[in-house]
């Protein structure tokens, strides 16, 4: 057997090398004492914000454009304020793209995001999925062209489903929801000229949009006042400057009236003595009386 000893020794050395090298590599990788010196392991600290989800119904919406807030009532009855930013993503029930203008009071939502530090009732939303919205709903934005008893015509912008026309006829569903700002309203607020977003089911054959919800973005434009000529009525007030001073002027008019009284005495000597006493009365305007006595020789 002496001829086989070198082969046995060589096999033993190879096996020993296979066992030693992995141990050295393992010690080096773990930060222990390896063949190239001592290595220490470094710890890494990370700040992790736990993403949570909330499910509830919308109680109120502050605005139709971000940034905005909405009040959400959860299944347990708790009220949570959800902050919506320009980066918040909106989805419909089956994953279709949505928008803030499509959310309505009463919709059931699932919201993903994080609670603000120290505030257990303020939630920053990263993604909102409206479980009340189906993917097949058509979204049209434009201005109302005309109104009828059951619907009207909407002049819209963008291609969408209506490539051959810029006007679509619409009718209201029985349970249509209309919102203007943070409050709900009625279809009476939809008037010609109003800027709206409509969601509904479109009938291609009838070319009719059955509206399920309406968001009013801009109210009806205020008509410009028309000028109507009005007859002017002048009122004059007389004033004298400086004040007038009136000086009365009297003119006397004399009307003499003579009254003669004569008494005759006849004596036999044919000598007569006549005594006359005249009386004169004068009238002066305004009133003046003069009395005089005239004696004749």
Legend entry - Given (1) over 24 Å from residue 219 (Cβ atoms); (2) at pLDDT below 95, number of the condition residue 73 does not satisfy: (2)
Legend entry - Residue selected from the stretch 64-77 under the condition part of a loop (DSSP other than H, G, I, E, B) and either in contact (Cβ under 8 Å) with a residue 60 or more places away in the chain or in contact with a helix residue (DSSP H, G or I) (Cβ under 7 Å, 6 or more places away or on another chain) (or both), by the criterion surrounded by the fewest Cβ atoms within 10 Å (Cβ to Cβ): 65
Inset, instruction - Could you check how many residues of the stretch 180-206 are outside any strand (DSSP E or B) and either surrounded by 14 or more Cβ atoms within 10 Å (Cβ to Cβ) or at pLDDT 90 or above (or both)? - result: 11
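The values are calculated or read from the model by the stated rules, or taken from the named source; none is laboratory data. Predicted model, so just to flag it, every value in this text is computed and none were measured. Reconstructed Cβ throughout: ideal geometry from the backbone, glycine too, with neighbour counts over all protein chains shown.
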